[in-house]
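These notes are about the structure you will find just below.
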Amino acid sequence: MHPSVVLLAALRKIHASPYLDTGICQQVRAQLVGQTHETKLFVSELLFKLFKRWPKYSGIRYFPIPDICRFPEDAYHNNEAFWDRNTSYGALRWELLEFCIAQLENEDHGT
């Protein structure tokens, strides 16, 4: 299966029911159990490329959500509202997730 199809399925699953205490990357990795090492690498790199396309990208691949008051890594590690749409940080995570899904849905996967 093409890595973009694997990633899209993982992102849709996260969108339907995210783990509230972790970010997008870790949740995607958790869904890649059983995939080949090569597929895991391709999916991870594709995810990071999608992050870079997002207009609000922090510039840090492992901490893509920006924060106006803190360094992105500090915001990630000191935030209890990863997925709370009522906070600016949580709303940005949802926005990034939905951006990635939309980007993948608009691609031709050769299927």
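The values are calculated or read from the model by the stated rules, or taken from the named source; none is laboratory data. All values reported here derive from a predicted model rather than from experimental measurement. When we count neighbours, we look across all protein chains shown, and the Cβ atoms used for this are built from the backbone with ideal geometry, even at glycine.
Some notes on this structure:
- Checking K56 against (1) modelled with pLDDT of 95 or more; (2) part of a helix (DSSP H, G or I), the condition it does not meet: (2)
- Any hit, the stretch 7-20, residues being on the phi < 0 side of the Ramachandran plot, modelled with pLDDT under 95, touching a helix residue (DSSP H, G or I) at 6+ places or on another chain (Cβ under 8 Å) and in a helix (DSSP H, G or I): no
- Scanning the stretch 21-40 for residues that are among the charged types (D, E, K, R) and in a helix (DSSP H, G or I), we see that the one that is surrounded by the most Cβ atoms within 10 Å (Cβ to Cβ) is K40.
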